[in-house]
Amino acid sequence: MAGETKTNSNVNSIEEFGYKQELKRSLTFGDLFIYGVSLMVPIAPFGIYGYVAQASNGMVGLAYLIGMVGMIFTALSYARMSEAFPIAGSVYSYAQRGISDDVGFIAGWILLLDYIFVPTLIYLVAVAALQGILPEVPSIVWLVFFIGINTVLNVVGVKVTAKAIKLITYLVLFVLAIFVTVGIIAIVNGVNGAEFSFKPLFDPEHFSLGLVMGAVSIAVLSFLGFDAVSTLAEEAEGERKLIGKAIIFSLIAVGLLFIVQTWVAALIYPDYNGFDNLDTAFYVIAEIAGGPWLKWLTAISMAIAFGIADALVFQAAISRLLFSMARDKKLPSFLAKVHPKYKTPYTSTILVAILSFIVAMMFSAHLGTLTSLVNFGALTGFILLHLSVINYFIFRKKSSNYLNYLILPIIGLLIICYVWYSLESLAKIIGISWVVIGIVYMLIINAKNKKLPNEINKGHDSNM
């Protein structure tokens, strides 16, 4: 088609962008798919089920269905940009090359807010779950354990990390299969008055678009993280489309799992206003369906899934973002160091571990604030992503493929803006303040570096 951007989708190379291949390419589609699945955590609804159920008047499945559809538009934009620019850095690289270098820096700066705090939030959730089982063990012990094991695995190599992630993800999926099976048996036997119904997907008596969309703004939190697959672009084997395919397929797969498990849970416990504690609502349902053993099994699986699997891949993602920005001289150069043996950004990985521990100690009693900050960073990054697609393909490359490069990104942009608008005021204030700090820092960096490094200029020129 005339005006299309011309890229060789069969070549996954970064030399054309002015960089040399430093990270080891070893990740297959299966590895990337599992990364995407583990990033979103197949059992993520376990932790926020009570909140989504109450906010949606029991239509939990519908909230997750709408959330999945909404996120697909964002996943499509990631697929477009990851194919055009198969380099590490995610939205930082896409906004940098799709809009401008300064916008790219701000995008990366915003992602730092998201990616640095996400592992911390995950660690705290995992620690809380284990403390409920073994209260005599100090939380700092669990925190050091999770951070330590994840740091070692990430430094040793992304392939080792991928194998660990696969194992844990399979175990989590096995636990989910047990819950769904036991849950269906409970429904068939009418446990707690359960009976089959489509109400969790649509209940006309209690439906309200505004109400359901409010629940979607909560449910969509379970999907955040799929975008981090794009940070592994320089470690993927094969064609350029591999990253985009992994993002889209993992999102759909996990979205369907979210719908099934919440549908089953809602049928077993239809009284969405009857929970004493919304944080433990899902575990109460598990106990009703199968007994105490299922309650503890689901709780322990949550701790393992979050504390190791999810935190492991997020630590890998943020270390690649730091590596990418440092390589472009936007952050201290030591963060761009690659381990001579394992070919991983080990200094960035170690820094993330240290920051995770410090932030965890600071926010251990303020999970709500931490969650809001994570949401601000992720959603603002998504907004810049959609704008990058539109600007790069429509305005810069003069593409006539308006469906893929204009209409679909605009739909995704509107959905994300709606969810962003629903964020609490404190998150917006702190988030915007973080952006202002980033702008000031960027101006200082630009003053010191009047010109971009030659290798970056070459990369830009080759894509103009």
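The values are calculated or read from the model by the stated rules, or taken from the named source; none is laboratory data. If you're wondering where the values come from, they're calculated on a predicted model, not measured in any experiment. As a convention, Cβ positions derive from the backbone with ideal geometry for all residues, glycine included, and neighbour counts pool all protein chains shown. For accessibility, only protein heavy atoms count, side chains too; no ligands or nucleic acids. Shrake-Rupley method; radii C 1.70, N 1.55, O 1.52, S 1.80 Å.
Counting only Cβ charges, +1 for Lys and Arg and -1 for Asp and Glu, the dipole size of segment 137-242 around its Cα centre is about 300 debye. Farthest towards the positive end of the charge dipole of the chain, among the residues L130, A75, P340, is the Cα of P340, using unit charges on the Cβ of Lys, Arg, Asp and Glu. Give the carbon-plus-sulfur fraction of the accessible surface of the chain in %, rounded to a whole number; probe 1.4 Å, heavy atoms of protein chains only. C and S fraction of accessible area: 68 percent.
For the chain, the longest principal axis of the Cα atoms and the long axis of helix 425-448 meet at an angle of about 20 degrees.
Note down the relative contact order for segment 341-436 as a percent, whole number, built from C-alpha pairs under 8 angstrom at least six residues apart. List each step's numbers first, then the result.
Details: 46 pairs, mean separation 33.1, N = 96.
Taking the mean separation of contacting Cα pairs over the length of segment 341-436, I get 35 percent.
Across the chain, the mean sequence separation of Cα contacts (distance under 8 Å, 6 or more residues apart), normalised by length, yields a relative contact order of 34 percent.
Could you give the length gained on full extension between V69 and I429, defined as 0.36 nm per residue of separation minus the Cα-Cα distance, in nm? Kindly include the intermediate steps, with their values, before the conclusion.
On the way: separation 360, 0.36 × 360 = 129.60 nm, distance 2.88 nm.
Gain on extension, V69 to I429, equals 126.7 nm.
For V152 and F334, a Förster radius of 22 Å and the Cβ-Cβ distance give a FRET efficiency of 0.65, rounded to the nearest 0.05. For a straight C-alpha distance cut-off of 29 angstrom, the lysines reachable from K448 (same-chain residues fewer than eight places away being disregarded) are K20, K329, K330, K337, K458.
Roughly speaking, what is the stretch gain from M362 to I252, that is 0.36 nm per residue apart minus the C-alpha to C-alpha distance, in nm to one decimal?
Values: separation 110, 0.36 × 110 = 39.60 nm, distance 3.53 nm.
Using 0.36 nm per residue and subtracting the Cα-Cα distance, I get 36.1 nm.
Using the Cβ-Cβ distance between K341 and E205 with R0 set to 60 Å, the FRET efficiency from 1/(1 + (r/R0)^6) comes to roughly 0.45.
What number, in nm² with one decimal, is the all-direction average of the projected area of the convex hull of the alpha-carbon atoms of segment 271-341?
Working: hull surface 32.7 nm².
Computing the convex hull of the Cα atoms and averaging its projections yields 8.2 nm².
If R₀ is 60 angstrom, what is the calculated FRET efficiency for the pair K24 and I185, using the beta carbon separation as r and rounding to 0.05? Can you show the working numbers first?
On the way: r = 46 Å, r/R0 = 0.77.
Once the sixth-power term is evaluated, E becomes 0.85.
Counting only Cβ charges, +1 for Lys and Arg and -1 for Asp and Glu, the dipole size of the chain around its Cα centre is about 1700 debye.
Between helix 45-55 and the chain there is an angle of about 70 degrees, using the helix long axis and the longest principal axis of the Cα atoms.
Projected label points at A177 and V144, each 7 Å from Cα along the beta carbon direction, are separated by 3.8 nanometres.
Proximity of backbone amide H atoms, modeled 1.01 Å from N, is registered between L331 and A326 at under 5 Å, excluding neighbours fewer than 5 places apart on the same chain. With all protein chains in place and ligands, DNA and RNA left out, the 1.4 Å accessible area ranks I165, I411 as I411, I165, largest first. Estimated at 0.36 nm per residue, the fully extended path between V137 and V436 surpasses their Cα-Cα distance by 103.6 nm. Solvent-accessible surface of the chain, taken per residue with a 1.4 Å probe and all protein chains present: 39 Å².
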